[in-house]
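The values are calculated or read from the model by the stated rules, or taken from the named source; none is laboratory data. As the structure is a prediction and not an experimental result, all values here were calculated from the model. FYI the Cβ positions are ideal-geometry reconstructions off the backbone, even for glycines, and counts take in every protein chain you see.
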Amino acid sequence: MSLNKPSAVALLSGLLACSTLGPSAQAEQLLLSADYMVDTLSGELVPNPAVLISDGVIEAVGTRGELAAPEGATEMHLKGKTLLPGFMDMHVHLDGSVGDVSFLESRFQSVPRKTVNAVVNARTTLMAGFTSVRNVGAMGDYSVIAVRDSIKGGELMGPRIWDAGPSLGITGGHCDDNFSPPEQKKKNTGVANGPWAVREKVRENIKYGADTIKFCATGGVFSRGTKVGAIQYSLEEMQAIVSESHYRDLVVAAHAHGTEGIKAAIIAGVDSVEHASMLDDEAIELALEHGTYLSMDIYNTEYTLSMGRANGVPEENLRKEESVGQVQRDSFSAAVKAGVKMVFGSDASIYPHGLNARQFSRMVKFGMTEMQALQAATINSATLMKQDDLGAIKAGYLADIVAVEGNPLEDISITESVPFVMKGGVVYKNL
Ligand code: ARG
């Protein structure tokens, strides 16, 4: 199948897509209606919604039967379905492997191979209803930036992407490459030590197209020889990364499992803490005080513990996952209870892309209401990324809209199979 956007879209969505193609098409209007709509701004379920979309932007939102279709507009009713803003995942690694590739094999894939992974995974992610993602650290260096730009240019199908380029990290830390023997002197592109070196690395990432920054504040589960709970960057280095990124208006994400690293990252001013596994009361207080978002990947423990060994995940990493999984869930429950700001971050790549939505039901299981989980993946994520035209179905917002079968506030797991996906007014899926 050609990946050329018009034909791919036409294939997927039939007639409608032909009339809503990109910038060169003339003004096209669509009146989309359904049984319900999740209003992520008011936190309410709205019956009989009608949404008027013009040239990829939501022009008006009203009630079915009351909001009339302008002359020439296409009408589309999604019977039995609920409309939601397109889902947003704030923690993915799109260049992670595709299909049956063992853990170690995936570590040794070339940058061109990783670029191909990102092309495939981007499409899968969009089809799962995730219309925006933040790619927080590419193992394939700048590969996802190329894919992001190609999606923007209409050559490839995929979500809107913010990409961090290579994650910053200390020598031998979680964001370095510790899998090769010393004589090869391998190090990841994002390795930098000391305040000026990390500033230079931020500048370099921006030079090559990064539009967000990620660094590793502590050890992690899937690296070799790092302690999950141990701090890696000093506070001084974290402050340098954050100030340099904020000068340039980039949102900063810090990978941090351990308590000390989480606190230092928050004090340094990061916008979101990824994983945030070992929270104590003081860390929760700090997050509340600084308005820091937490992006907690609480589904993937299940996947790693059931599939990891078969996928060749080394014992060291399985043991680290066992040590951190339940601790992270408890931290999640405590943070939700305290009212810390939360986004949806799945860390898809640890488990297959396209299954991102499995995390919704776990967010509910460990303490959120269904509405809070949906808000985390929409309006909260948009706010974190400083986007005031994403994350809600509202006049003036971009027409990134998905629909699910039934009512997700009664059964959140229906988000795991999304039959309707629209991004920027273009229908990519309509089953
Ligand atoms: N990328 C993270 C790491 O390697 C994944 C952690 C997964 N486990 C978890 N319980 N969240 O540290």
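Observations on the structure shown:
- Of the criteria (1) in contact (Cβ under 8 Å) with a residue 60 or more places away in the chain; (2) of a type in the set (Lys, Arg); (3) closer than 23 Å to ASN380 by Cα, which one ARG224 fails: (3)
- Inter-residue pairs, beta-carbon under 6 Å, first under 23 Å from PHE215 (Cβ atoms) and in the range 93-104, second among the hydroxyl-bearing types (Ser, Thr, Tyr), 6+ apart: HIS93/SER349; ASP95/SER143; GLY96/SER349
For (1) of a type outside the set (Phe, Trp, Tyr); (2) farther than 24 Å from THR304 by Cα, each residue gets a yes or a no:
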residue: GLY225; (1), (2): yes, no
residue: TYR233; (1), (2): no, yes
residue: SER245; (1), (2): yes, yes
residue: HIS255; (1), (2): yes, no
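- All of (1) away from the ligand (no atom under 16 Å from the Cβ); (2) part of a loop (DSSP other than H, G, I, E, B); (3) polar (S, T, N, Q) hold for SER413 with one exception: (2).
- Given (1) surrounded by fewer than 24 Cβ atoms within 10 Å (Cβ to Cβ); (2) more than 16 Å from the ligand (Cβ to nearest atom), number of the condition PHE179 does not satisfy: (2)
- Elements of the type helices (runs of 4 or more DSSP H) sitting completely within the range 91-191 and holding at least 1 residues that are closer than 26 Å to ILE298 by Cβ and in contact with a strand residue (DSSP E or B) (Cβ under 8 Å, 6 or more places away or on another chain): these cover 111-127, 143-152.
- Selected residue (criterion: surrounded by the most Cβ atoms within 10 Å (Cβ to Cβ)) from residues of the range 226-276 that are in contact with a helix residue (DSSP H, G or I) (Cβ under 8 Å, 6 or more places away or on another chain) and on the phi > 0 side of the Ramachandran plot: ALA276
- Residue check for SER346: part of a loop (DSSP other than H, G, I, E, B), closer than 20 Å to TYR299 by Cα, within 16 Å of the ligand (Cβ to nearest atom) and of a type in the set (S, T, N, Q): yes
- Any chance ALA373 is touching a strand residue (DSSP E or B) at 6+ places or on another chain (Cβ under 7 Å), not basic (Lys, Arg) and not in a loop (DSSP other than H, G, I, E, B): no
- Put simply, of VAL336, VAL364, VAL327 the only residue that is aliphatic (A, V, I, L, M), modelled with pLDDT of 95 or more, surrounded by fewer than 23 Cβ atoms within 10 Å (Cβ to Cβ) and within 14 Å of the ligand (Cβ to nearest atom) is VAL327.
- Checked against the criterion of being β-branched (Val, Ile, Thr) and modelled with pLDDT of 95 or more, the candidates ILE379, ILE350 yield just one match: ILE379.
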